[in-house]
Amino acid sequence: MSIIRIGGIDPSLRATGFGMIEYDDEAESINVLHCGVVKTPIKFKKTAALLYMIEAMIAISKRDEWEYCDNVLVEFPAAIYNSPIKNNMSDSEIRRNTIRSFSAGAIPPVAGVAGACIGAFQRDDRVIPIYPTVWNRARKKVDTKNILLEYLGSPKDWHWDFPCPSSSEEHVFDALGMCFWMLEEHYFKYPDA
């Protein structure tokens, strides 16, 4: 009998989702062991929000249950720069455009949270940064949610570490979706086709 535990982290500046799935390959059962969303209080802006989320995720990484994960997948943004750099731009235009594109939007703070999670959850090279399009195979969120509901059952039966408002539920589905992808790719036994 082999028990596999996979954790997933869906980083965000305002609502970071996390989840852990346990798979028993002998019984062929799969369960959600832990899941939740860490929400940044609305009063925190910019750097304060980033630091709050990083500190909260570091605290979660120190919980005993994360010690027993075979892998932890952390979603990492696929792009850092939003604005294109064109060949005919002057050096000053490139600097201005780079500074604006890097400091604007949500991608850099999400990358900061993702990087902090990679460091915090790392034990024995078990953390795997993963791009969204790799694990979700470019599916729509509703399709991922439906697959997870089919295999993991109703969210009301999952072990929630924190209450999760429905507006933040997608972050938990993404975290668990990464876990499910890892199990499907490396552990599930399918009959020969």
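All of the numbers you see were taken from the coordinates with simple rules; none came from a lab. Everything quoted here is computed from the prediction, not taken from an experiment. Neighbour counts run over all protein chains shown; Cβ positions are idealised from the backbone, glycine included.
This model, with +1 at the C-beta of Lys and Arg and -1 at the C-beta of Asp and Glu, gives the range 112-193 a dipole about its Cα centre of some 160 debye. Length available on full extension from Glu28 to Lys43: 0.36 nm per residue minus the Cα-Cα distance, which gives 0.9 nm. Among the chymotrypsin sites (Phe, Trp or Tyr not before Pro) in the range 105-193, those located in a DSSP loop and surrounded by at most 16 other Cβ atoms within 10 Å of their own Cβ are Tyr187, Phe188. Find out how many positive minus negative residues lie around Ala59, taking Lys and Arg as positive, Asp and Glu as negative, among other residues whose Cβ is under 15 Å from that of Ala59. Surrounding charge for Ala59 is -2.
Label positions at Arg123 and Phe188, each projected 7 Å from the Cα along the C-beta direction, are separated by 2.7 nm. For a straight C-alpha distance cut-off of 20 angstrom, the aspartates and glutamates reachable from Lys39 (same-chain residues fewer than eight places away being disregarded) are Asp10, Glu55, Glu75, Asp161, Glu169, Glu170, Asp174.
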